[in-house]
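Worksheet: the structure to be examined is printed underneath.
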Amino acid sequence: MDTRELLTKFYEGFARHDAEAMAACYADDVHFSDEVFPDLKGERARDMWRMLCERAADLKVVHEVRAATPTSGQVHWEAWYTFSATGKKVHNVIDGTFELRDGKIVRHQDVFDFYRWSRQALGATGLLLGWTPLVKNQVRAQAGKGLEQYSAKRKG
């Protein structure tokens, strides 16, 4: 499977809420990072997608592979969903970069405008304070705790 096919498989899995299809695209030692989950490796990265797919009942995802070589790729993707913590609607616009080895994703970094996201997801708090490190760190801590609980329950 070439890079374009692999990345398409990953995002088509996300659009179907099929986290196992996504996880199958990752190498065992994958490293994922974004604005909310800055440093996830291996099973924790796969569990993040499992958690997101399970919790986002109204998730809609579209993607476009913008670049693909045998060892790297770039994808622009957008997601529409209801943020479960507040019940607010979010439209997130993300650019992902990927490194591949042996037909699997070994590094995945997503970049998005956290302040834009926080204004939508957090309402007034996001509008007034979403640009601050304090809010970003609080969101990261809450998301990390949620992932820890999800992973423990899944293993349990």
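The values are calculated or read from the model by the stated rules, or taken from the named source; none is laboratory data. Everything quoted here is computed from the prediction, not taken from an experiment. Note: ideal-geometry Cβ built from the backbone for every residue, glycine included; neighbour counts use all protein chains shown.
Checking the stated criteria, residue 119 turns out to be touching a Leu at 6+ places or on another chain (Cβ under 9 Å) and of a type in the set (D, E, K, R). Residue 56 meets all of the listed conditions (1) more than 13 Å from the chain's Cα centre (by Cα); (2) among the small types (Gly, Ala, Ser); (3) buried (at least 19 other Cβ atoms within 10 Å of the Cβ) but one, namely (1). For the stretch 1-39, the candidate set comprises residues that are touching a helix residue (DSSP H, G or I) at 6+ places or on another chain (Cβ under 7 Å) and assigned to a helix (DSSP H, G or I); within that set, the residue that is nearest to residue 96 (Cα to Cα) is 10. Within the stretch 88-116, the residues that satisfy the criterion of being over 16 Å from residue 11 (Cβ atoms) and either in contact with a Lys or Arg (Cβ under 7 Å, 6 or more places away or on another chain) or not in a strand (DSSP E or B) (or both) are 99, 102, 103, 113, 114, 115, 116. Go through the stretch 84-122 and give me each residue that's modelled with pLDDT of 95 or more, buried (at least 20 other Cβ atoms within 10 Å of the Cβ) and over 16 Å from the mean Cα position of the chain (by Cα). If the condition is that a residue be modelled with pLDDT of 95 or more, buried (at least 20 other Cβ atoms within 10 Å of the Cβ) and over 16 Å from the mean Cα position of the chain (by Cα), then 100 is the only one that fits. Selection over the stretch 52-69 of residues that are modelled with pLDDT of 95 or more and closer than 24 Å to residue 140 by Cβ gives a count of 1.
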